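Single-structure report; data block below.
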Amino acid sequence: MFMLVIQISISIDLTTINEADNVFLELKNNDAIKREAVITIDNPSTYAIAEDYLTLEFNEICGKVIDYEILLYQLCPYEVSTPIYEVIEICQDTIIDNKTLELKNVCDTKQNLIRTDTEILYEFDYCKTDNLPIGVKDYKIKADVEYGLCNDGFGYEIDFIPILYYDNVEYRQEKWAWWNTTYYYCRNVTITNNVASTLTNFPVLLNITNTSNMEADLDDLRILNESCSFGGVELDYEIDTIQGDSALVWVKIPSFTLGNNVIGMYYNNSDVVAGENPNGVWDNDYLVVYHFSKYSGANWYDSTLNSMI
């Protein structure tokens, strides 16, 4: 896999705490068809800083980036061209009666282009900038890409990581990128909390259908706390039952807020070992957890650390 990293040569202390969420505020749009994205950035400086302090790193899962540009939403100049004409009258004798050959002086007008006047006007749009202004601004990333052979055909799959260097701090927003490029698929899963409050460290049972692109034992399954293409951190989960093309999986949600919550389910990686962690799902608040599917001989398998039989 080819990784393109574009940087500038300045001295950076990468041990400084990364507060990327305070700089890269929002991914407003990510259009794979147009090969562009819109992000909101809050300049951490109290003055405008050079545009080249903002760079991009690309996760080229398949295909590659040939070139890219970063545009600022601002008053952008555009040209309006106005043609200037002069009117000329042209007269000539014209036969109006073929029998008598009677002539008549007939005149006509014609417009001759003298010049074209150009006026510079301004309107809000995305255009190039030499600096990052103070405050919160929207920026558009536009990329020129080359197709490659992807897992599901010929095309491209490329994620970007915006990086801003300022005052010896690297602000690096990785959560908008694919979590791990060795996993070829990700599926968004929406779970709904219908109670009146946020539930903390709450185990939720997922009914996963269509597991055909997963390993038979689901060893390649990984579940993250963010939707696909937004990175995130791994969540503890336990596989309860696998039956045909479906599976029941318990996953612990650290903060299960009211309404819809979206998590990402990554899979299709034959090079990894099992990632489930039953003891992490069922913490010390649980004395014993038995699943009907986990029975061996005369014993039930306890999913907690207590190992009750």
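The values are calculated or read from the model by the stated rules, or taken from the named source; none is laboratory data. Here the structure is a predicted model, which means the values were calculated and not measured. Cβ coordinates were reconstructed from backbone atoms using ideal geometry, including for glycine residues, and neighbour counts include every protein chain displayed.
Results, tabulated for the structure shown:
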read-out	value
Subset of region 116-128 (residues that are without any contact (Cβ under 8 Å) to a residue 40 or more places away in the chain and exposed (fewer than 10 other Cβ atoms within 10 Å of the Cβ))	Thr116, Thr118
Answer from Leu132, Leu113 - the residue that is loosely packed, with under 10 Cβ neighbours inside 10 Å and modelled with pLDDT of 85 or more	Leu113
Positions within region 161-171 being crowded, with 17+ Cβ neighbours inside 10 Å and not aliphatic (A, V, I, L, M), in sequence order	Pro162, Tyr165, Tyr166, Tyr171
Exclusive hit being under 27 Å from Ala20 (Cβ atoms) and either under 33 Å from the mean Cα position of the chain (by Cα) or of a type in the set (Gly, Ala, Ser) (or both), set Glu234, Glu276, Glu215, Glu238	Glu234
Counted residues, region 36-63 - those being in contact with a Ser or Thr (Cβ under 7 Å, 6 or more places away or on another chain) and at pLDDT 95 or above	0
Top-ranked residue in region 157-191 [being more than 18 Å from the chain's Cα centre (by Cα) and not aromatic (Phe, Trp, Tyr); ranked as farthest from Leu221 (Cα to Cα)]	Asp167
Any hit, region 60-70, residues being under 24 Å from Ile161 (Cβ atoms) and not in a strand (DSSP E or B)	yes
Residue in region 93-103 that is in a strand (DSSP E or B), modelled with pLDDT of 90 or more and either farther than 30 Å from Tyr139 by Cα or in the same structural domain as Val136 (by TED's automatic domain parsing) (or both) present	no
Restricting region 233-258 to residues that are more than 21 Å from Thr304 (Cα to Cα) and aliphatic (A, V, I, L, M), the residue that is surrounded by the fewest Cβ atoms within 10 Å (Cβ to Cβ)	Val233
Hits in region 98-139 (condition: under 22 Å from Thr40 (Cα atoms) and of a type in the set (Val, Ile, Thr))	Thr129, Ile134, Val136
Residue within region 140-156 that is at pLDDT below 95, of a type in the set (D, E, K, R) and over 29 Å from the mean Cα position of the chain (by Cα) present	no
Given (1) of a type in the set (Ser, Thr, Tyr); (2) touching a strand residue (DSSP E or B) at 6+ places or on another chain (Cβ under 6 Å); (3) assigned by TED's automatic domain parsing to the domain that holds Asn30, number of the condition Thr116 does not satisfy	(3)
Criterion violated by Val106 - all others in (1) modelled with pLDDT under 85; (2) on the phi > 0 side of the Ramachandran plot satisfied	(2)
Checking Ile33 against (1) surrounded by 10 or more Cβ atoms within 10 Å (Cβ to Cβ); (2) closer than 16 Å to Phe160 by Cβ; (3) modelled with pLDDT under 90, the condition it does not meet	(1)
Residues located in region 182-216, provided they are touching a Leu at 6+ places or on another chain (Cβ under 8 Å), of a type in the set (Val, Ile, Thr) and modelled with pLDDT of 90 or more	Val189, Ile191, Thr198, Ile208
